[in-house]
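The block underneath contains the structure these notes are about, expressed in structure tokens.
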Amino acid sequence: VTGSGKTTVGKLLAEKLGWNFVDADDFHSIPNVEKISRGIPLEDTDREPWLKNLSAAMTRWTQEKENVVLACSALKHSYRKALDVGGWAETKIVYLKGSYDLIYERLRQRHNHFATEAILASQFADLEEPGGTDKECAIVLDVSQTPKQLVAEIEVRLSLPKKELS
């Protein structure tokens, strides 16, 4: 959900690995951004073009063998299925899980972002946690940890090469 630390953790991980970082928020249309800015939750129909554009970008990255850390609020199973480019062997999901109260407080302290605490309740209502016995098994991490701790855990869980963050 918004405010869970996707961008912060994603940027740190990408920097550490020498990969590109991309924020899925940059793929939203202007009307979507305006809607979110006013605290109006997006509907599935609002997200369809966003998911289509993300999927196309992910297909391109896969074809070009480009390693990318993508920060993305793919809240529902159907969204993640739409982004399953190349199968889960190519795409790994890291779910930054936190309590409503913790994330709400983070959002209250965050400035200069179009998504505020006004949409948090709708995001938690829409959230279908990844994992289980389906093919989209995810690494689930507790966002009460520091971003550096989360990055270290991601590296271990995905068997990524270890380097020190500066």
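The values are calculated or read from the model by the stated rules, or taken from the named source; none is laboratory data. Quick caveat, the model's predicted, so the values are computed rather than measured. Cβ: placed from backbone, ideal geometry, glycine included. Neighbour counts: every protein chain shown. Accessible surface is based on the protein model in full, side chains and every heavy atom, while ligands, DNA and RNA are left aside. Shrake-Rupley method; radii C 1.70, N 1.55, O 1.52, S 1.80 Å.
Entry note, the chain: relative contact order of 34 percent, from Cα contacts under 8 Å with a spacing of 6+ residues. Dividing the convex hull volume of the alpha carbon atoms of the chain by its residue count gives 116 Å³ per residue. Based on DSSP H segments of at least four residues, each scored -39500 (n - 2.57), the chain has a per-residue ellipticity at 222 nm of -13500 deg cm²/dmol. Between CYS137 and LYS81, the contour length at 0.36 nm per residue exceeds the Cα-Cα span by 19.0 nm. Distance between the 7 Å Cα→Cβ label points at THR59 and THR146: 4.2 nm. When the residues LYS76, LYS11 are ordered by accessible surface, computed with a 1.4 Å probe over the protein chains alone, the sequence from largest down reads LYS11, LYS76.
Put simply, the amide H of VAL140, placed in the peptide plane, has neighbours under 5 Å in TYR95, leaving out anything fewer than 5 places away on its chain. For VAL156, the accessible area of its heavy atoms, probed at 1.4 Å with every protein chain present, is near 80 square angstrom. For ARG110, the accessible surface of its heavy atoms amounts to roughly 80 Å² (probe 1.4 Å, protein chains only, rounded to the nearest 10).
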